[in-house]
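The values are calculated or read from the model by the stated rules, or taken from the named source; none is laboratory data. Remember, predicted model here, so these are calculated numbers, not experimental data. A quick note on method: Cβ atoms are made from the backbone with ideal geometry, for glycine too, and the neighbour counts reach across all protein chains shown. Each accessible area value is taken on the protein alone, full model and side chains, heavy atoms only, with ligands, DNA and RNA left out. Shrake-Rupley method; radii C 1.70, N 1.55, O 1.52, S 1.80 Å.
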Amino acid sequence: MITKQLHSFFGGVHPLDYKGYTEDKAIQPGPAVKTVTIPLSQHIGAVCQPVVNKGDAVEAGQIIGKSDAFVSAPVHSPIEGKVKEIALASHAILGRCLSIIIEADAPAAPVLPADFDARFDDSGYTAEQICTAVAPAGLVGMGGAGFPTRIKIDPAPPKEVLLVNGCECEPFITCDYRLMLEWTNKIIAGIRLAKKAVGCKRVIIAIEDNKPKAIELLASNAQVRQAGIEIVPVKTRYPQGGERQLINTVLGRQVKTGSIPPAIGVLVMNVATAAAVADAVVNRKPLTHRVVTVTGEAIAQPANLYTAIGTSVGELIEFCGGLTKKGAKVIMGGPMTGTAIADLSTPIVKTTGAITVLTKRQVGRAKHDQRVTPCIRCGRCIEVCPEKINPTKIAHAVMHNMMDEAKNYYISACIECGCCSYICPANIELTGYIKTGKVLLAREQKKMPK
């Protein structure tokens with residue numbers, strides 16, 4: 001059943017989508033890796049501690065790190081091999097992170113999993129069984145946030161609506177789009193299982209209207225019709241896929257600043273996470289592999305790769321034929337919310353949806369020219385900010401180390417979507433300053449006496 005969009009969120013931008021590089025590229029197996037580097041921090045919450053030692057033999061799918069904290073998710077080895085080292089290694093967000101480096105016994109390309117049978121029946125699974133299977137599988141939100149899935153699908157607090165995010169609004173990235181086309185039944189199975197675990201009555205799948213094939217395929221799916229799942233095509237506008245913006249667009253509800261969707265009875269789940277739920281519950285498969293889009297003008301053969309978590313960025317780029325042009329920026333993720341990296345040994349993690357390599361021309365197109373000039377007080381950043389805050393005021397407060405002022409301007413409300421940086425005619429990296437300010441505030445918080 002297709003339902004019309006009734007509402008719209010404030011702000012947002014319309015960047016060129018650049019999805020043509022990979023939107024028609026079917027998912028294929030990634031490289032056969034000799035070693036993987038598994039960071040012990042891949043999610044929101046407590047960092048895992050290693051439960052293996054250097055020299056230990058490990059099986060594919062074995063838990064190698066976990067935490068007893070409530071908000072956490074275990075990490076697993078994606079390959080059979082031996083623990084080569086437990087040491088600090090490159091991490092896109094943290095800089096360096098304690099990681100477990102595993103050497104494969106016999107390098108082999110990942111086996112591309114098949115889609116589920118269209119006749120999948122969820123009646124044999126109880127809510128308790130679903131939750132019990134998801135917890136040890138290490139599932140986290142795979143759309144970027146990385147919140148442990150086991151906590152999200154808990155029936156408490158009660159949720160009325162399961163809102164499935166198939167927007168994939170960020171430029172370049174097409175991994176979720178290919179999942180919707182190729183693993184349709186697996187996604188639907190995961191959605192039905194999550195619905196049963198949560199106990200909600202209404203399920204909505206929201207997809208941006210620049211993906212008509214995915215909308216048509218899901219709307220015509222027999223299980224979607226039987227389960228009464230609503231398909232809502234939403235207008236293509238960034239950051240439509242942000243959970244606060246998507247809830248506003250689809251349901252017309254506001255999530256208060258500092259609050260979370262479950263507080264208003266809504267659970268938001270990415271389509272890749274839904275597929276992972278199905279694998280965890282039905283196949284007892286932990287989250288050890290994911291689909292990653294490797295893309296950009298400089299990539300010789302852009303692709304959507306099903307690859308082992310822990311594979312290095314450099315290996316993925318080489319697997320796609322390397323670079324045909326000089327890359328000006330390598331980004332873990334997309335150009336709006338991703339993190340630029342300098343170390344190509346940095347491994348992909350559970351939340352890595354893309355590796356984007358931008359040329360100087362592409363960087364320049366996104367930022368007019370690269371010369372930073374003084375702020376002209378044009379107000380464009382305020383017009384596009386989906387959270388209705390003043391990015392310039394926050395950024396200038398951070399520049400001058402006025403952190404109390406940054407807090408007064410609601411720095412914590414920023415979702416780091418990058419709209420302000422994208423639109424700024426002065427080329428000021430407003431989002432970058434805000435991210436830095438959050439780090440500084442977090443450090444101050446740690447120093448405060450308890």
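Here are a few things to note about the model shown:
- Using equal-weight Cα scatterers in the Debye expression, the normalised intensity of region 14-133 in log10 at q = 0.13, 0.16 Å⁻¹ is -0.76, -1.00.
- For ALA222, neighbours were defined as the other residues whose beta-carbon sits under 13 Å from its Cβ, and their charges (Lys and Arg +1, Asp and Glu -1) total +1.
- When only the Cβ of Lys, Arg, Asp and Glu is charged (+1, +1, -1, -1), the dipole of the chain relative to its Cα centre reaches about 1060 debye.
- Convex hull volume per residue in cubic angstrom - Cα atoms of region 331-444: 124 Å³
- Most fluctuating residue given options GLU128, GLU103, GLU243, as computed from a GNM of the chain linking Cα atoms under 10 Å: GLU128
- Cα-derived Rg to Rh of region 133-284, Kirkwood definition: 0.92
- Protection proxy ranking, peptides 218-230, 110-122, average beta carbon neighbours within 10 Å, highest first: 218-230, 110-122
- Near-label residues of region 36-53 by backbone N, under 15 Å of a point 7 Å along Cα→Cβ of ALA69: 40-50
- Taking the Cα centre of region 38-93 as reference, the dipole from Cβ charges on Lys and Arg (+1) and Asp and Glu (-1) amounts to some 100 debye.
- Proximal charge balance of ALA189 [Cβ under 10 Å; K/R count +1, D/E count -1]: -3
- Protection-proxy order for peptides 165-172, 192-199, each taking the mean of Cβ atoms within 10 Å per residue, highest first: 165-172, 192-199
- Choice from PRO15, PRO335, PRO157 with maximal GNM fluctuation in the chain (Cα, 10 Å cutoff): PRO157
- Members of LYS393/LYS435; LYS350/LYS407; LYS152/LYS186; LYS25/LYS350 lying beyond 24 Å, as alpha-carbon distances in this model show: LYS350/LYS407
- Applying 1/(1 + (r/R0)^6) with r as the Cβ-Cβ distance of SER412 and GLU103 and R0 = 35 angstrom yields a FRET efficiency of 0.25.
- Within the listed set PRO136, PRO212, PRO31, the residue fluctuating most in the Gaussian network model of the chain (springs between alpha-carbon atoms under 10 angstrom) is PRO212.
- Our estimate of slack between ALA118 and VAL363, defined as 0.36 nm per intervening residue step minus the Cα-Cα distance, is 83.9 nm.
- On the basis of the beta-carbon distance and an R0 of 22 Å, ALA300 and GLU80 show a calculated FRET efficiency of 0.10.
- Estimated FRET transfer efficiency when R0 is 30 angstrom, pair ASP56-ALA263 (beta carbons, to 0.05): 0.10
- Per-peptide packing, taken as the mean over residues of other Cβ atoms within 10 Å, places 4-13, 231-240 in the sequence 231-240, 4-13 from highest down.
- In this simple spin-label approximation, GLU405 and GLN226 carry label points 7 Å from Cα along the Cα→Cβ vector, and these lie 6.2 nm apart.
- Per-bin percent of Cα-Cα distances, region 90-185 [5 Å]: 2, 8, 11, 16, 22, 19, 13, 7, 2, 0
- Kirkwood Rh in Å, taken over all unlike Cα pairs in region 244-397: 18.6 Å
- Surface accessible to a 1.4 Å probe, per residue, for the residues of the chain, Å²: 44 Å²
- With the whole protein complex present, MET332 retains an accessible surface near 20 Å², based on a 1.4 Å probe.
- Net +/- balance of residues flanking SER99 in space, Cβ distance below 14 Å, scoring K and R +1, D and E -1: +1
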